[in-house]
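Here's the structure, in structure tokens; my notes come after.
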Amino acid sequence: MRTWVSLVLSALAMWISFGEFLRRDILISKSFALLFFLVALYIFVASVIGMFKKKVE
């Protein structure tokens, strides 16, 4: 259950941060949006890997 919640929240965070990245003009704002996107992507990938690890074991 916790894995699904983190998958949904990180996917939502990626969507929002990528949209903000495309909308912003200032380099600092783009950098923070890109950083937030990368962190959300890392959490998403880690959740998917954790989900498959649980199924294999």
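Applying the criterion of being of a type in the set (D, E, K, R) and free of Cβ contacts under 8 Å to residues at least 12 places away in the same chain to the residues of segment 32-57, the residue that is most open to solvent (accessible area, probe 1.4 Å) is E57. In the set (1) of a type outside the set (D, E, K, R); (2) modelled with pLDDT of 90 or more; (3) open to solvent by less than 60 Å² (accessible area, probe 1.4 Å), S29 fails one condition alone, (2). I need the full set of residues from segment 15-26 which are closer than 23 Å to V5 by Cβ and surrounded by 15 or more Cβ atoms within 10 Å (Cβ to Cβ), in order please. Listed by number, the residues that qualify are S17, F18, E20.
The values are calculated or read from the model by the stated rules, or taken from the named source; none is laboratory data. As the structure is a prediction and not an experimental result, all values here were calculated from the model. For neighbour counting, all protein chains shown are included, and Cβ atoms are generated from backbone atoms with ideal geometry for every residue, glycine included. In case anyone asks, the SASA skips ligands and DNA or RNA and just uses the protein heavy atoms, side chains included. Shrake-Rupley method; radii C 1.70, N 1.55, O 1.52, S 1.80 Å.
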